[in-house]
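No value in this document is a laboratory result; all are computed from the given coordinates. The model shown is predicted, which means the values in this text are computed figures rather than measured ones. Glycine gets a Cβ as well: all are built from the backbone with ideal geometry, and neighbour counts include every protein chain shown.
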Amino acid sequence: MGWWSKDVHSMNDLFVHALRDIYYAENQILKALPDMVDKATDPLLKQGFEKHLHETEGQVKRLEEVFRLYDAEIQGVDCPAIDGILEEADTTVGDADNKDVMDSALIFSAQAVEHYEITRYGSLIAWAKLLGKPECARLLEQNLAEEVATDKALSQIAESGVNQRAAA
Ligand code: FE
Ligand code: FE
Ligand code: FE
């Protein structure tokens, strides 16, 4: 059973594993976002993806700082969950044959990504505090706040006309 049986013996190992998981995920998201910017038609949605692309670059830097503060080697581990979410996003968005429906599909897919990130940051923050690393927790909290704000902004954009246009 992969990492679970082999590499994770302690809470410390689990924290580092989870950090590498989200580090990999953020880097995959960074690769996926330019395509989402391109595909979005609604100007607010396009701007929202652009903004989150810049935020994600900063999030990767913060994670690298967390690795340094924790004295762990900066590296990613495969995250089949984010790979699956992004693969599904590709298929769902690719299947939309109308611009308005595509915007709704982009929001639908992006919110799945944000929710994955939110669960990971929630655990990482709690564990960083438990492990006596409040500076790590603070950096992770900044990432979490951006994911939560992005999720809310996506809901607002969906409800401010994108969904209605897609349904028309
Ligand atoms: Fe992120
Ligand atoms: Fe994962
Ligand atoms: Fe995000």
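There is no residue in the range 96-112 that is out of contact with any strand residue (DSSP E or B) (no Cβ under 9 Å at 6 or more places or on another chain), within 16 Å of ligand 3 (Cβ to nearest atom) and under 19 Å from Arg20 (Cβ atoms).
Being part of a helix (DSSP H, G or I), out of contact with any Lys or Arg (no Cβ under 8 Å at 6 or more places or on another chain), buried (at least 17 other Cβ atoms within 10 Å of the Cβ) and aliphatic (A, V, I, L, M) is a property that Leu44 lacks.
Checking each residue in the range 128-141 for being touching a residue at least 24 places away in the same chain (Cβ under 8 Å) and in a loop (DSSP other than H, G, I, E, B) picks out Leu131, Lys133. The residue of the range 108-127 that is nearest to ligand 2 (Cβ to nearest atom), among those that are in contact (Cβ under 8 Å) with a residue 40 or more places away in the chain and under 8 Å from the mean Cα position of the chain (by Cα), is Tyr116.
When the range 142-156 is filtered for residues that are free of Cβ contacts under 8 Å to residues at least 12 places away in the same chain and closer than 27 Å to Leu69 by Cβ, the ones remaining, listed by number, are Ala145, Ala149. Considering the range 126-168, the residues that are of a type in the set (Val, Ile, Thr) and within 15 Å of ligand 3 (Cβ to nearest atom) include one that is farthest from Ile22 (Cα to Cα), namely Ile157.
For the range 29-41, the count of residues that are free of Cβ contacts under 8 Å to residues at least 24 places away in the same chain, among the charged types (D, E, K, R), farther than 20 Å from Ala128 by Cα and away from ligand 3 (no atom under 16 Å from the Cβ) is nonzero.
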